[in-house]
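Where a number appears in this text, it was derived from the coordinates with a stated rule and is not lab data. Just so it is clear, the structure is predicted and the values come from calculations on it, not from any experiment. As a convention, Cβ positions derive from the backbone with ideal geometry for all residues, glycine included, and neighbour counts pool all protein chains shown.
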Amino acid sequence: MTPSPTPSGTITIDAPPRDAQVAVPFEVSGEANVFEGALAVQAIDAAGTVVCEHRVQATSGTGTPGAWSATLAFAPPPSEQDVTLRAFSRSAKDGSEENVVTRTVRVSPDLPAIVVESPRCGATSIAQSVIAASGTASVFEGSLQVELRDATGTVLATRTVQTVGAPDRGNWAINFDVGALPAGSYEFVAYSISAMDGAVENVFAVPFLKAQ
């Protein structure tokens with residue numbers, strides 16, 4: 001059976017299912033038929049705080065439904081908690097939110113192997129010339145990689161980081177000089193390398209906006 005097309009000016013959240021139990025990081029996906037296929041996806045905790053926000057580009061838009069997806073990565077709550085997923089587009093006329101849809105999921109407190117705590121997922125107006133990426137990790141020999149990427153996914157810088165406290169879970173921090181970068185969308189991507197086959201694993205990616 002062919003699914004019905006998404007009506008003009010709409011957004012859907014199709015996964016994860018409503019009230020599903022998820023562990024950070026997790027993927028959110030759906031369809032959108034909005035101006036230029038541009039939308040935003042948020043995770044909002046029980047206190048009403050936006051703990052993660054992604055700007056997302058659907059595969060099409062402005063009259064043609066397109067698919068979209070985003071992986072939300074943020075520090076898990078201290079105990080199991082309901083989190084509201086919220087997706088919306090912005091008016092081409094005045095920038096106001098429109099086509100808002102929400103869905104509640106249950107987020108586990110389980111810590112992933114790597115967590116980026118700062119900058120916060122979706123942090124805006126970061127104007128410093130040097131940004132400190134930091135968090136915690138429990139990985140082989142306490143070693144992880146942290147990359148700075150631009151909006152196209154191009155790697156601008158890579159740092160090898162050693163946690164404090166290995167082999168137990170430990171803290172890590174590394175500075176990136178972003179003073180020469182133009183304003184725009186970037187992300188820090190932290191990951192470890194498998195000791196068995198050299199594969200990338202335990203990826204935790206946090207988008208942020210750099211101001212002028």
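Summary table below
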{"item": "Virtual paramagnetic centre 7 Å along Cα→Cβ of A157, amide N under 20 Å, in the stretch 170-188", "result": "172-188"}
{"item": "Per-bin percent of Cα-Cα distances, the stretch 98-168 [10 Å]", "result": "14, 37, 31, 15, 2"}
{"item": "Net charge dipole size for the stretch 10-107 [Lys, Arg +1 and Asp, Glu -1 on Cβ; Debye, nearest 20]", "result": "60 debye"}
{"item": "Length-normalised contact order of the chain in % [C-alpha pairs under 8 Å, at least 6 apart]", "result": "18 percent"}
{"item": "Positive-end residue, the stretch 40-140 charge dipole about Cα centroid, Cβ charges, pick of S89, S79, A137", "result": "S89"}
{"item": "For the stretch 159-212: span of alpha carbons on each principal axis (Å, largest first)", "result": "41, 24, 15"}
{"item": "Answer label for volume of the Cα convex hull per residue in Å³ (calculated), chosen among (i) 170; (ii) 120; (iii) 144", "result": "(iii)"}
{"item": "Modelled FRET efficiency - R0 45 Å, A166 with Q212, Cβ distances, 0.05 increments", "result": "0.70"}
